[in-house]
1. At 7 Å along Cα-to-Cβ for each site, give me the label-to-label distance between Leu13 and Leu77 in nm.
2. Exposed loop sites here are chymotrypsin sites (Phe, Trp or Tyr not before Pro) in DSSP loop states with at most 12 other C-beta atoms within 10 Å. What is the longest stretch of the chain lacking them?
3. Restrict the search to segment 10-94; then list the GluC sites (Glu not before Pro) that DSSP places in a loop and that have at most 15 other Cβ atoms within 10 Å of their Cβ.
4. In the set [x] 87, 33, 31; [y] 55, 22, 19; [z] 46, 32, 22, which value of Cα extents along the principal axes in Å was calculated from the structure you see?
5. Which helices, taking whole DSSP H runs in the chain, have alpha carbons extending 24 angstrom or more along the helix axis plus mean Kyte-Doolittle at least 1.0?
Amino acid sequence: MLKKVLIFHFFILVLRVLYVLFRDIDLSPEEAQYWLWSKFLDLSYYSKPPLIAYLNFLSTSILGDTEIGVRINAIILGFFIAIITYVFSKELFK
């Protein structure tokens with residue numbers, strides 16, 4: 001069953017990446033703020049811990065200053081959170 005869930009969520013991951021690549025959607029103000037943080041790394045920020053800036057720095061270093069470079073973190077983390085939630089729920093309700 002886990003294999004089917006992984007395949008399904010991987011399919012959703014691919015669809016989300018394609019949606020970001022081929023739709024012309026501007027960055028939201030929060031996404032732009034997090035991207036700006038990644039240009040000026042620090043140990044902490046006014047309202048958030050620094051991990052989001054570090055992840056954006058890593059992804060934009062690899063993919064460039066593009067929309068997919070900024071948004072890929074949310075897509076990948078959403079994939080892993082869905083899988084982890086499934087595994088924990090399956091264990092909890094055995």
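1. Computed distance between label sites Leu13 and Leu77 equals 1.6 nm.
2. For chymotrypsin sites (Phe, Trp or Tyr not before Pro) (loop position, at most 12 other Cβ atoms within 10 Å), the longest site-free span of the chain is 47-92.
3. none
4. Of the labelled values, this structure produces [z].
5. Taking the DSSP H segments of the chain (at least 24 Å long, mean hydropathy at least 1.0), we get 2-22, 67-92.
Values quoted throughout were computed directly from the atomic coordinates according to the rules given, and no laboratory measurement underlies them. As the structure is a computational prediction, the values presented were derived from the model and not from experiment. Because the Cβ atoms are built from the backbone with ideal geometry, glycine has one as well, and the counts that use them run over all protein chains shown.
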